[in-house]
Structure formats: C-alpha cells, structure tokens
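**Student:** Below is a structure I'd like to ask you about.
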Amino acid sequence: MSEKFYVTTPIYYVNDRPHIGHAYTTVLGDVLARSHRSFSDPTFFLTGTDEHGQKVQQAAEKRGVDPLTHCNETVVRFQELWQRLGITNDYFIRTTEANHKKIVAKIMQDLYDRDEIYKADYTGWYCVGCERFFTEKDLVDGKCPDCGRDVNAITESNYFFRMSKYQDWLIDYIQTHPDFILPAFRANETLGFLKKPLADLCISRPKSRLAWGIELPFDKDYVCYVWFDALINYISGVGYGSDDEKFKAWWPASCHLIGKDILTTHTVYWPTMLKAMGLEMPKTIFAHGWWLTGNSKMSKSLGNVVNPMDMIDRAGVDAFRYFLLAEMSPGNDANFSEESFIARYNSDLANDLGNLLSRVSKLTIRATGGEIPVPGAVTADDRELADAVTDAIRIMEECLKSYKLDQGINAALNAVRAGNRYLEKCAPWTLAKNGETERLNSVLHNAADALCRVAVLLAPVMPEKMAELLVVLGADKAGIKGIADLKDFKSVAGLTMKEATPLFPRIIVEEEEAKKPAPQAEKKAKAEKVQEKKEELPAGLVTIDEFFKTQLKTAKVLTAEKVEGADKLLKLSIEVGSKTRQLVAGVAQFYTPEDIVGKTIVIVANLKPAKIRGIESQGMLLAAKDGGNLKLVTIDGDMPSGVSIG
Ligand code: MSP
C-alpha cells in the first residue's frame with residue numbers, strides 16, 4: 001500500500017449513550033487504521049463528539065447545568081468505551097474545543113467575505129428533533145420526512161450558504177469519481193436526491209431560539225447550524241487553518257465512514273462546502289447499513305438498544321470486535337441477537353480457531369517438546385492448505401481497499417477451517433504412533449505456519465487475542481508486524497511452541513439459560529415430582545433428577561500453589577467456561593503445582609462455597625483415592641472447560 005491513510009468516523013452526538021451502531025463504525029475505523037499502520041502507511045484516525053445544538057442545550061437545561069458542563073460529563077461515555085474497545089484513534093475531537101470553534105468562525109468569515117454566504121428571510125418547516133429546516137414539498141404527510149414527528153412553521157432572517165450553485169458540479173463529480181461514494185448504490189441514491197433542484201443551505205440559528213453553538217463572526221445574534229459546524233471537524237481535526245504542514249500531510253481524507261442515515265449531509269452538504277472553500281474532495285465516503293435488533297430499528301422507546309459494554313462483559317473485547325465486523329456486510333443492514341452472537345462466537349472462535357490452536361500446540365509439544373519442526377517433502381494436501389492461506393491474504397488485502405472486511409475475515413476463517421480439515425486428513429496422531437517422523441514434522445509445521453499467518457491477518461480485528469496466539473506459537477518476536485511482513489517471513493520452523501490455554505472458551509448456552517430464574521410454578525411442580533419419586537425409592541438409590549442436581553463440569557487448572565502450613569492442600573485457580581474460580585483441594589501429597597497446571601479436571605460446580613484454612617473454595621474436584629494412592633478424574637481427549645458432564 002504505502003500511501004497515507006486518513007480515516008474518520010462521524011462525530012457522535014455527545015448526548016447519546018454509545019450503542020452497537022456507534023461501536024461498529026469506530027471499530028471498523030480502528031481495524032482499517034491498524035491495518036494501514038501495519039503496512040507502514042502513514043495513518044491518522046479521527047473520531048470525536050458533536051457537542052452543539054438544540055438537543056444538548058435542552059438536556060443541559062433539564063439537568064440545571066450549563067451545556068459545557070453537561071458535555072464534559074457525557075463525553076466520557078464515549079471516551080471510556082473507545083478505551084475499553086482498544087480504539088487507537090490519533091485524536092479525539094470535541095466541537096466545543098477552542099481550536100475547532102476558531103476554525104469554524106474563520107471559515108464562515110471567509111465564505112461570507114466571498115459572498116458564498118448571504119442573509120435572507122426564510123419561512124420553513126423546522127423539526128426540533130432533527131434540528132433541520134424542510135421546505136413544504138420535503139414534508140411527508142405534513143411531518144418531518146426523517147423522523148415523522150411534527151414540524152413547526154418558522155419565518156426568520158437567516159444566513160444561507162450558496163449550495164445550489166454547486167449542484168451541476170456535484171452531479172458531474174459523483175458521476176466521474178466512482179470511488180467517491182461507496183457502496184455504488186449510495187452514489188445513485190445521492191444522484192437521485194440531486195435530481196430535484198438543490199436549495200441553498202440555511203447555516204445559522206438566531207440566538208433567541210438557540211444559544212448553544214458557535215457564534216457567527218459577522219453577526220453576534222446568530223450561532224452556526226450544528227451540521228455546518230460538525231462537518232468541519234474533518235479538517236479542523238488535522239490542522240486546517242492552524243497547522244498547514246499537518247493539514248497538507250493528511251488532507252484529503254482517504255475515507256469518511258458514515259451510517260446510511262447521514263448520507264445527504266456528507267455527500268451533498270460537505271462536498272459543496274469543501275468546493276466553496278477551494279479544498280480537495282475526500283477520496284471516499286463509505287456509508288454502512290444499520291444494526292437492527294429483532295429486525296427493527298434500535299430505539300430507546302422499544303428498549304432494544306444494544307449496550308456494547310454488556311457484550312464485552314459477556315465474551316471479551318476481541319470477540320465483540322470480531323462479531324461486529326464478521327456479521328455486518330458493509331452497505332447492508334445487520335441484525336443483532338444474542339443467539340447470533342453466541343452462535344458465531346462458538347463456531348468461528350471457540351470451535352474453528354480455538355480448536356486449531358489447541359490441537360497444534362498439544363500435538364507439537366507431545367511430538368517435539370515444543371520446537372516447531374522443519375517440514376519435509378511437499379504433498380498435494382500441504383499445497384491445498386498453503387493455497388487457502390495465500391487466498392486469505394490476497395482477499396484480506398483487497399477487502400481492506402474495498403471496505404468489505406467481512407469477506408476478508410471470512411477468507412481468514414476459511415483458511416482456519418482448511419487447517420482443521422488438514423489435521424483430520426493427515427492425522428498426525430497416527431503418524432506419531434507409526435513413527436512416520438518426516439511426514440509428522442511436515443504436518444505439524446504446516447498447520448502451525450497456517451495458524452501464524454491467519455493470526456497476523458486477524459490481528460487488526462482481534463489485537464489482544466491474536467497477540468496471545470502468536471506468543472503460543474513462539475512467533476511474537478519473529479518481527480511480523482502485519483500482512484506486509486508475511487511475504488518475507490519464511491516459516492515458523494524452529495520457533496518454540498507453548499502450551500495453549502483456551503483463547504475463546506466456549507459459551508455454554510445451558511449455563512446461560514440456568515442463570516435465568518425458572519418460573520415459580522415450574523420450580524414447585526419439579527420439586528413435587530422429585531418428592532413423589534423419592535418416596536417410592538429403595539434405600540441407597542437416587543433418582544436421575546436427584547443425580548442431576550449435582551452439576552459436574554470440566555475445568556482447566558490455570559494456576560496452583562501450596563497452602564502455607566497445610567501439607568495436603570493446593571490452592572488452584574481454575575477456568576470453568578468463561579469464568580475463573582478458586583478451589584482448595586487436598587491433593588498436595590500426590591500432585592505438585594507443576595503437575596496439575598494445565599490439566600482438564602472434573603469438578604462439582606454447584607457445591608456451596610466453603611472456607612478451608614480461611615481460604616474460600618468454590619467447588620470440589622473429583623479424584624479416585626485408594627489408600628495411599630490418589631488420581632484425579634480427568635477427561636479422555638480434548639474438551640474445553642465449562643462443559644457439563646452427565
Ligand atoms: N453528529 C452526527 C454526525 C456528525 S458527523 C460530522 C450524528 N451523530 S449520531 O450520534 O446520531 O450518529 C453517529 C453515527 O452512528 C451515524 O453514522 C449513524 O448512522 C450511526 N448509527 C446510529 N444508529 C445506528 C445503528 N443502529 N446502526 C449503525 N449505525 C447507526 O449523526
């Protein structure tokens with residue numbers, strides 16, 4: 001690549017609570033920025049908040065605070081979420097900051113001096129919710145065409161930007177620049193809008209009606225229309241009017257990422273404003289679709305707004321980032337449901353990717369003690385796997401340019417699936433048993449090499465988890481910063497593999513269901529049934545219902561240490577599905593901490609916690625004890641933690 005890359009998100013209304021829609025655009029911007037940085041492209045990623053306008057003023061009044069205090073208090077919701085989501089923006093712009101306000105005023109003065117802005121009387125229909133004026137013919141059934149709410153007729157003197165004079169130029173520009181508005185059908189939508197005569201844009205609000213905005217430098221009785229102010233963030237954020245060198249380095253933007261609902265402001269208002277300022281057009285304005293819940297638009301009143309923090313708590317940051325990008329095909333709408341989230345997580349991450357890593361790591365450690373072997377002669381199966389990886393790299397590179405990241409991710413996952421099929425087909429466990437060392441070496445090497453390259457491809461999407469994966473492969477210090485380095489990276493041969501702990505513990509749906517309280521009536525009926533059966537039982541026997549009251553689960557031992565002053569006790573931390581708990585076990589005379597760490601054991605998961613030597617034990621492990629001999633109950637073969645037994 002090696003061109004500079006400047007990417008922006010919309011600046012979010014500071015009043016809003018961040019939801020999955022905001023998170024999507026910001027994560028998309030972050031993945032693009034991380035990818036370009038990995039190609040050593042000079043990269044700048046801008047996001048921020050839109051802080052002026054009527055809604056902010058009203059919200060502040062309602063709370064009895066001044067608008068800036070209100071903004072200062074609400075902006076942290078976005079800043080904290082971006083931090084949690086690992087967003088690597090180079091700057092966070094707020095439209096209330098001094099530099100931005102100064103630049104907006106400077107631009108307005110310049111446009112006014114050059115007669116691009118004029119004053120006139122205006123009667124229009126105003127929608128308070130959307131903060132927009134509409135003409136009579138814009139209205140739908142007399143209501144706001146955007147939100148359907150009532151509009152008020154307002155006549156007032158205002159300032160106007162001569163947008164109409166750029167109509168023909170804009171139509172021509174869109175038609176001759178196929179990458180300007182993407183996906184292409186959004187360019188057609190804009191051209192459709194431009195079939196009607198374009199009006200001039202009202203860019204002022206009288207202070208008598210709205211005081212919270214940037215004052216017009218040529219008329220103290222007015223403030224700037226919030227969209228006119230907000231769009232300018234894309235240039236004020238990279239030094240326009242304040243740092244010429246910086247501005248020259250970054251402008252024009254490579255890509256403005258937006259949602260489809262703000263298409264007109266970005267593909268009509270913004271280009272005509274830039275034209276009037278004599279600035280170059282951004283290379284691409286990319287409009288993505290909407291996240292829906294239950295196939296309907298998310299809205300506070302429907303109570304179906306998805307809070308990103310909840311999803312992160314449930315499955316981790318990287319899994320959430322992955323889901324957002326894998327699930328939405330940019331341009332189209334995507335539907336969010338917990339079921340689809342869990343299904344994709346379990347199939348792509350826990351099963352396909354997690355499984356490949358744990359198999360490769362175990363098999364290699366068993367065969368060589370960890371060193372990834374040098375491969376032998378190449379077979380057709382080896383070539384098939386290598387081709388799947390090469391395809392994934394090529395597709396990911398193309399998709400970064402076309403913004404179709406879901407397809408790049410899909411190609412990477414296809415390579416992972418090819419890796420799992422390769423292991424099934426080549427059966428390294430049988431090769432090991434039969435002593436076919438050369439072939440075994442090839443298979444272990446090739447699977448690990450594929451995994452390493454896929455991890456690099458997916459690193460911008462899941463930075464933390466893929467870094468962990470590369471550590472397990474011993475490839476973290478191999479100098480591969482991104483896709484570009486893969487071309488010169490020979491192979492993983494000679495690296496030292498470590499034992500993998502599950503990167504993506506499976507989400508057990510039954511466990512999730514069990515958390516939901518059963519209706520009282522159902523509980524009572526169940527209890528009565530158990531009672532009836534109990535009465536008929538011969539002494540010493542339990543019913544199946546009674547047996548299932550005990551929840552047996554697989555658990556993975558993460559750490560172990562001796563309990564001071566107690567010869568028999570080990571304190572363990574164990575992973576049970578997505579949770580970690582502490583357990584105290586009387587096994588110290590039979591297992592050292594080193595022996596037990598990494599084992600998949602069986603525990604009673606619903607035992608009432610108890611204190612043993614002052615340390616809380618949350619469950620009990622199962623072991624067979626025969627006099628002076630004790631052996632842990634373990635699982636025969638690979639099995640993630642948190643799986644129910646019975
Ligand atoms: N402040 C303006 C943008 C000014 S940019 C110069 C604004 N803010 S917003 O907070 O309402 O919306 C910001 C972005 O979130 C928009 O791109 C919008 O499309 C996006 N989304 C809001 N709800 C969404 C979904 N349900 N799904 C996906 N994105 C959606 O508009």
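The values are calculated or read from the model by the stated rules, or taken from the named source; none is laboratory data. Fair warning: this is a prediction, and the values are worked out from it, not measured in the lab. Neighbour counts are summed over all protein chains in view; Cβ atoms, including those assigned to glycine, are modelled from backbone coordinates with ideal geometry. When the accessible area is computed, the model is the full protein with side chains, heavy atoms only, and any ligands, DNA or RNA have been set aside. Shrake-Rupley method; radii C 1.70, N 1.55, O 1.52, S 1.80 Å.
**Student:** Please state the relative contact order of the chain as a whole percent: Cα pairs under 8 Å, 6+ residues apart? Present the calculation step by step, with values, prior to reporting the outcome.
**Tutor:** Numbers: 1062 pairs, mean separation 66.1, N = 646.
Contact order relative to length: 10 percent.
**Student:** Rounded to the nearest angstrom and ordered from largest down, what semi-axes does the equivalent ellipsoid of the chain get from its C-alpha gyration tensor (root of 5λ)?
**Tutor:** Those come to 56, 32, 21 Å.
**Student:** So what does Arg94 come to for accessible area, using a 1.4 Å probe and Å² rounded to 10?
**Tutor:** About 50 Å², rounded to the nearest 10.
**Student:** For Glu436, Glu327, give me the order by solvent-accessible area with a 1.4 Å probe, most accessible first, ignoring ligands, DNA and RNA.
**Tutor:** I get Glu436, Glu327, largest accessible area first.
**Student:** Let's test the formula: R0 of 22 Å, r as the Cβ-Cβ distance of Ser242 and Lys4. What FRET efficiency results, to the nearest 0.05?
**Tutor:** After rounding to 0.05, the efficiency reads 0.70.
**Student:** Sticking with this structure for a sec: Given a Förster distance of 35 Å, report the FRET efficiency between Asn629 and Ser491 from their Cβ-Cβ distance, rounded to the nearest 0.05. Provide the component values of the computation, followed by the final result.
**Tutor:** On the way: r = 46 Å, r/R0 = 1.30.
E between Asn629 and Ser491, to the nearest 0.05, is 0.15.
**Student:** Follow-up. From largest accessible area down, sort Asp387, Asp567; use a 1.4 Å probe on the protein chains. If you can, show how the numbers build up before the last one.
**Tutor:** Numbers: Asp387 90, Asp567 125 Å².
So the residues, ranked largest to smallest area, are Asp567, Asp387.
**Student:** Turning to a different aspect of this structure: If ligands, DNA and RNA are left out, what is the accessible area of Arg84 with a 1.4 Å probe, given in Å² to the nearest 10?
**Tutor:** Rounded to the nearest 10, that gives 100 Å².
**Student:** Something else: For the chain, which whole-number percentage of the solvent-accessible area (1.4 Å probe, protein heavy atoms only) is attributable to carbon and sulfur atoms?
**Tutor:** Numbers: 15090 of 29760 Å².
In the chain, the share of accessible area belonging to carbon and sulfur is 51 percent.
**Student:** Starting with the highest mean, order 73-83, 267-277, 485-495 by the number of other Cβ atoms within 10 Å, averaged over the residues of each peptide. Numbers along the way, then the final one.
**Tutor:** On the way: 73-83: 16.7, 267-277: 20.9, 485-495: 14.6.
Averaged packing, sorted descending, gives the order 267-277, 73-83, 485-495.
**Student:** Quick one: check the C-alpha center-to-center distance for the range 372-389 versus the range 486-508, whole angstrom.
**Tutor:** Taking the Cα centre of the range 486-508 as reference, the centre of the range 372-389 is 17 Å away.
**Student:** Of the beta bridges DSSP finds with both residues in the chain, what % are antiparallel, to the nearest 5? Working shown, then result.
**Tutor:** Details: 55 of 77 bridges.
Percent antiparallel among DSSP bridges in the chain is about 70.
**Student:** Using only DSSP helix segments of four residues or longer, with each worth -39500 (n - 2.57), what per-residue ellipticity at 222 nm results for the chain after dividing by its residue count and rounding to 500? Could the numbers behind the result be given before it?
**Tutor:** On the way: 24 runs with 267 residues, N = 646.
Result for the chain, helices only: -12500 deg cm²/dmol.
**Student:** Rounded to whole Å, give me the distance from the Cα center of the range 207-252 to that of the range 14-78.
**Tutor:** 17 Å
**Student:** Taking 0.36 nm per intervening residue step and subtracting the Cα-Cα distance, what contour gain separates Asp221 from Glu436 on full extension?
**Tutor:** Working: separation 215, 0.36 × 215 = 77.40 nm, distance 8.61 nm.
Result for the pair: 68.8 nm of gain on full extension.
**Student:** Here's a follow-up. On full extension of the chain, what length is gained from Ala199 through Ala184, given 0.36 nm per residue of separation minus the C-alpha to C-alpha distance?
**Tutor:** On the way: separation 15, 0.36 × 15 = 5.40 nm, distance 2.45 nm.
Between Ala199 and Ala184, full extension yields 2.9 nm more.
**Student:** Same structure, new question: Binning at 5 angstrom from zero up to the longest distance, how are the C-alpha pair distances of the range 159-212 distributed in percent?
**Tutor:** In whole percents, the pair-distance histogram is 5, 17, 21, 17, 14, 9, 9, 6, 1.
**Student:** Given labels modelled 7 Å from the Cα in the Cβ direction, how far is it in nm from Thr155 to Asp636?
**Tutor:** 9.0 nm
**Student:** Hey, another quick one. Kindly write out, for the range 449-455 in residue order, the coupling ³J(HN,Hα) from the Karplus curve 6.51 cos²θ - 1.76 cosθ + 1.60 (θ = phi - 60°), rounded to whole Hz, with x marking Gly and Pro.
**Tutor:** Those phi angles translate into 5, 4, 4, 4, 5, 5, 4 Hz.
**Student:** Compute the whole-percent fraction of alpha carbon pairs in the range 254-391 spaced more than 19 Å apart. The partial results should precede the final answer.
**Tutor:** Values: 6630 of 9453 pairs.
Roughly 70 percent, rounded to a whole number.
**Student:** Right, another one. Leaving ligands and nucleic acids out of the surface, order Val643, Val456 by accessible area at 1.4 Å, largest first. Numbers along the way, then the final one.
**Tutor:** Details: Val643 35, Val456 10 Å².
The ranking, largest first, comes out as Val643, Val456.
**Student:** So how much accessible area does Met281 have, in Å² to the nearest 10, using a 1.4 Å probe?
**Tutor:** 20 Å²
**Student:** Per residue of the range 424-433, what does 6.51 cos²θ - 1.76 cosθ + 1.60 with θ = phi - 60° give for ³J(HN,Hα)? Whole Hz please, x for Gly and Pro, Karplus curve as stated.
**Tutor:** Running phi through 6.51 cos²θ - 1.76 cosθ + 1.60 with θ = phi - 60° gives 4, 6, 7, 6, x, 4, 6, 4, 5, 4 Hz.
**Student:** Over the range 175-311, average the accessible area per residue using a 1.4 Å probe and give it in Å², no decimals.
**Tutor:** Averaged over the residues of the range 175-311, the accessible area is 40 Å².
**Student:** Over the range 444-486, what relative contact order in percent results from Cα pairs under 8 Å that are six or more residues apart?
**Tutor:** On the way: 26 pairs, mean separation 16.6, N = 43.
Once divided by the residue count of the range 444-486, the mean separation gives 39 percent.
**Student:** Give me the extension gain from Glu97 to Ala120: residue separation times 0.36 nm, minus the current Cα-Cα distance, reported in nm with one decimal. Spell out each step's value before the answer.
**Tutor:** Working: separation 23, 0.36 × 23 = 8.28 nm, distance 2.99 nm.
Extra length available between Glu97 and Ala120 comes to 5.3 nm.
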